[in-house]
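What follows is a set of notes on a single structure, which appears directly below.
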Amino acid sequence: MLSNSKKLIAVIGATGHQGGAVVRALQAGGQFKVRALTRNPDKHRDLADEVVEADLNRPKPSPLPSKGHTVYFSSPRLR
C-alpha cells in the first residue's frame, strides 16, 4: 500500500534501459511513489505505481503530466 506522504517521481522513458533501471531502483528503495511515462502504457501496467501515456514526439497536448511531481527523470537520446 502506498503512503500519501511519499514524494512522486516521474520517469520519462521508463521502458528503456536507463529509465527502466531507474524505475526498478526507486521501487526497490521504497521511499518514493513512481510514475512511469511510456508511449504504450497498456503494455506496461505493472511497471510502476502509476503508468501513464507520454510521447515526446507528439508534444501537443503536453505529454508530461504536470501536477504533483517532486522530480522528473529523463535521459538524453543519443543518435
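The values are calculated or read from the model by the stated rules, or taken from the named source; none is laboratory data. What you see is a predicted model; the values in this text were computed from it and never measured. Counting neighbours? That spans all protein chains shown, and the Cβs are built from the backbone with ideal geometry, glycine included.
Taken residue by residue, the range 43-53 has at least one member that is out of contact with any strand residue (DSSP E or B) (no Cβ under 7 Å at 6 or more places or on another chain), of a type in the set (Asp, Glu) and either loosely packed, with under 10 Cβ neighbours inside 10 Å or modelled with pLDDT of 90 or more (or both).
For the range 21-42, which positions are modelled with pLDDT under 90 and aliphatic (A, V, I, L, M)? Within the range 21-42, 37 is the sole residue that qualifies. Residues that are more than 22 Å from residue 57 (Cα to Cα) and in a helix (DSSP H, G or I) within the range 23-47 comprise 24, 25, 26, 27, 28, 29, listed in sequence order. Among the residues making up the range 14-40, those that are in contact (Cβ under 8 Å) with a residue 40 or more places away in the chain and not aliphatic (A, V, I, L, M) are 16, 18, 19.
The set of residues in the range 3-22 that are assigned to a loop (DSSP other than H, G, I, E, B), farther than 18 Å from residue 40 by Cβ and not basic (Lys, Arg) comprises 3, 4, 5.
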